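> Could you have a look at this structure, given as structure tokens, before my questions?
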Amino acid sequence: MPRVSKVQAAQNRDTILDASARLFRERGIGGVSVADLMADAGLTHGGFYGHFASKEALAAEACARAFSQSAERRHARIEALPAHTDVPSAYAAMFLAEKNVCVPGEGCPAVGLASDIARLPSDAPARNAYAEGVEGMLQDLMAMDPKASRDDMLLRLVTLVGTLTLARATVGQPISDELLAAVRKALATPPDASG
């Protein structure tokens with residue numbers, strides 16, 4: 001069998017990372033085998049270790065990839081907003097959209113990977129990738145409202161992530177829609193207007 005070119009090998013590696021970033025958010029890191037990942041990527045199981053030393057090494061890179069993809073989508077959506085839009089409120093509405101509740105593989109990695117990352121050893125590389133991703137989300141939120149404090153944006157971040165987590169866990173139940181509606185309403189009100 002002929003060896004693949006360096007270009008093809010790099011493309012295969014990217015395909016594995018993209019599939020992993022999606023599948024880990026959909027099913028959890030422990031819920032996806034190397035065979036599942038490779039099949040989803042359309043590659044043979046045996047080729048995995050030519051790209052990654054272990055599933056744990058892949059998990060760290062896939063986590064970083066998921067946050068990077070999420071940031072790219074976030075930046076594109078914000079850039080597309082009309083001038084004079086209340087960006088923090090618009091972003092909250094986008095973040096809490098029905099698609100993010102129902103399609104976890106394409107949704108926020110802070111939500112989709114939290115439980116798995118929390119179960120990893122404290123020195124696991126995926127924990128560092130996750131923390132860097134969350135910090136990136138926070139920095140983006142702070143850039144949306146430069147007058148807000150870091151604490152205010154931390155509160156906004158945990159409100160968004162927590163709401164989406166609970167909405168996913170209760171999807172199909174009335175409480176899911178109630179959570180989303182209540183937080184959308186609360187975050188649409190500027191802090192100084194609430195009293």
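The values are calculated or read from the model by the stated rules, or taken from the named source; none is laboratory data. None of the values given here were measured: they were computed from a predicted structure. Cβ coordinates were reconstructed from backbone atoms using ideal geometry, including for glycine residues, and neighbour counts include every protein chain displayed.
> I want to confirm something. Restricting to segment 46-61 and keeping residues that are over 17 Å from Phe24 (Cα atoms) and at pLDDT below 90, which single residue is surrounded by the most Cβ atoms within 10 Å (Cβ to Cβ)?
Among residues in segment 46-61 that are over 17 Å from Phe24 (Cα atoms) and at pLDDT below 90, the one surrounded by the most Cβ atoms within 10 Å (Cβ to Cβ) is Gly47.
> I'd like to verify a number: residues in segment 1-22 that are in contact with a helix residue (DSSP H, G or I) (Cβ under 6 Å, 6 or more places away or on another chain) and either more than 15 Å from Tyr49 (Cα to Cα) or loosely packed, with under 12 Cβ neighbours inside 10 Å (or both), how many?
3
> Same structure, new question: Criterion first (among the β-branched types (Val, Ile, Thr), part of a helix (DSSP H, G or I) and either buried (at least 17 other Cβ atoms within 10 Å of the Cβ) or under 22 Å from the mean Cα position of the chain (by Cα) (or both)) does Ile29 satisfy it?
No; evaluated as a whole, the condition is false for this residue.
> Here is a follow-up. So which residues in segment 49-90 are outside any helix (DSSP H, G or I) and among the aliphatic types (A, V, I, L, M), if there are any at all?
Residues satisfying the conditions are Ala53, Ala80, Leu81, Ala83.
> Hey, another quick one. Could you tell me whether Ala41 is surrounded by 19 or more Cβ atoms within 10 Å (Cβ to Cβ) and in contact with a Ser or Thr (Cβ under 6 Å, 6 or more places away or on another chain)?
yes
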